[in-house]
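The values are calculated or read from the model by the stated rules, or taken from the named source; none is laboratory data. Here the structure is a predicted model, which is why all the values come from computation and not from measurement. Positions of Cβ are generated from backbone atoms using ideal geometry, with glycine treated the same way; all protein chains shown enter the neighbour counts.
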Amino acid sequence: MGNSLNPFKKQSPSIAYQPLLIPLISENENLRVFSFKELNKATKKFKQERVVEADNGSVQRFYKGYINETTFAPSRTKTVSVVEYYQYHSPTLKEWMEEVKSIGQISHPNLVKLLGYSCEENEKRFLVFEYMQKGSLDRHIFGKEEVLPWEIRVKIAIGTAQGIEFLHSVRNSLLHVELRLHNIMLDEQYNAKLLHLVSNQQRLEKENRTILGGFEYFAPEYAISGHRGTNTDVYTFGVILLELFSGLKALDTKRNRDKQKLAVWAESFLSGNYNIREIIDPRLGCDYPVNAATQMCRLIKRCIEQDRRKRPSMQQVYVALKEICRD
């Protein structure tokens with residue numbers, strides 16, 4: 001069912017690099033400290049792969065790099081993703097280092113693994129992550145890649161839910177503005193991993209006061225009073241599910257006025273008899289299980305309930321998705 005996606009184009013071979021004699025390790029033994037010079041070499045002078053402009057004004061620039069798997073020196077043996085992260089409210093170096101250490105201490109199969117960082121004086125700050133071969137989910141749903149079949153979409157939803165549920169269990173970490181399709185990464189087998197870049201909730205709260213967009217993902221209680229909790233992430237995840245299974249963006253001003261905000265438009269189809277044909281991505285044709293699609297619509301409706309007390313927890317969402325997978 002469905003076709004596999006086209007692989008990324010191979011990059012031309014890089015020049016040979018001099019390996020480090022002694023790899024530098026941060027106080028968090030799992031993280032490697034890279035010099036700006038090393039990253040410059042590893043990324044071929046920061047040859048840009050993609051740019052993401054987040055709702056809070058931050059800009060993420062992604063570079064594909066190559067390092068030695070053992071020494072972490074620039075080489076061709078291991079591919080990594082180097083992220084240059086500019087934030088609207090730039091943290092101090094101390095704050096940033098605390099965040100890096102916090103992110104480095106978190107490990108889960110559904111989180112993109114942080115390998116190291118670079119923060120030399122008077123230079124830009126970078127995070128170095130494992131490389132995800134299939135890229136970000138938004139390119140597969142909104143881009144020109146071949147259509148993802150139903151089973152793969154459900155698999156991605158389950159993996160994303162696992163990652164969110166785990167972060168909710170770790171110091172009550174919320175994703176908020178990070179929970180978007182461009183931060184859901186896919187490996188070679190389409191396993192979903194969340195790109196988690198902000199761990200400091202107090203600073204995130206400060207950034208929330210300067211949100212520049214993304215209101216189509218926000219739960220009503222946040223839009224009205226600024227209240228945030230794990231159930232606000234559940235609402236956002238419901239919108240993510242709508243995008244994933246409809247193939248439509250959460251907000252698109254090019255659509256008809258009544259269809260511009262996806263969650264509002266879909267609400268009528270998520271009630272009563274669940275008119276799933278109006279919601280499911282037409283590119284799937286009839287190539288999906290009707291019962292499972294109906295259950296998915298019911299789950300989405302629960303996630304985007306206006307009353308946050310009626311929404312399920314992420315653990316309940318995960319269990320529901322596993323049941324849908326069995327249908």
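Would you confirm whether or not the stretch 88-98 contains a residue that is modelled with pLDDT under 90, assigned to a strand (DSSP E or B) and in the same structural domain as residue 36 (by TED's automatic domain parsing)?
No, the stretch 88-98 has no match at all.
If a residue must be in a strand (DSSP E or B), without any contact (Cβ under 8 Å) to a residue 60 or more places away in the chain and more than 30 Å from residue 215 (Cα to Cα), how many such residues does the stretch 34-66 contain?
First, the residues of the stretch 34-66 that are in a strand (DSSP E or B): 48-53, 59-66.
Keeping just the survivors that are without any contact (Cβ under 8 Å) to a residue 60 or more places away in the chain gives 48-49, 51, 53, 59, 61-63, 66.
From what is left, the residues that are more than 30 Å from residue 215 (Cα to Cα) are 66.
Adding up the residues that qualify gives 1.
Which one of these does residue 191 not meet: (1) surrounded by fewer than 21 Cβ atoms within 10 Å (Cβ to Cβ); (2) closer than 19 Å to residue 59 by Cα; (3) at pLDDT 95 or above?
Among (1) surrounded by fewer than 21 Cβ atoms within 10 Å (Cβ to Cβ); (2) closer than 19 Å to residue 59 by Cα; (3) at pLDDT 95 or above, residue 191 violates only (2).
Can you confirm whether residue 258 is in contact (Cβ under 8 Å) with a residue 60 or more places away in the chain and either at positive phi or loosely packed, with under 14 Cβ neighbours inside 10 Å (or both)?
no
Looking at 115, 148, 127, can you tell me which residue is within 16 Å of residue 60 (Cα to Cα) and either outside any strand (DSSP E or B) or aliphatic (A, V, I, L, M) (or both)?
127
Yes or no: the stretch 1-14 includes at least one residue that is closer than 19 Å to residue 133 by Cα and either touching a helix residue (DSSP H, G or I) at 6+ places or on another chain (Cβ under 6 Å) or at pLDDT 70 or above (or both).
No: zero hits.
To keep it simple, each residue is scored yes or no on (1) over 22 Å from residue 123 (Cβ atoms); (2) among the hydrophobic types (A, V, I, L, M, F, W, C); (3) touching a helix residue (DSSP H, G or I) at 6+ places or on another chain (Cβ under 7 Å).
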| residue | (1), (2), (3) |
| --- | --- |
| 47 | no, no, no |
| 50 | no, no, no |
| 59 | no, yes, no |
| 67 | no, yes, yes |
| 77 | yes, no, no |
| 85 | no, no, no |
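Quick one: in the stretch 261-308, of everything that is without any contact (Cβ under 8 Å) to a residue 24 or more places away in the chain and part of a helix (DSSP H, G or I), which residue is farthest from residue 240 (Cα to Cα)?
Residue satisfying both the conditions and the ranking: 290.
If I go through the stretch 239-260 residue by residue, how many of them are in a helix (DSSP H, G or I) and at pLDDT 90 or above? First the steps, then the outcome.
Narrowing the stretch 239-260 to residues in a helix (DSSP H, G or I): 239-246, 257-259.
Then drop every residue that is not at pLDDT 90 or above, which leaves 239-246.
Adding up the residues that qualify gives 8.
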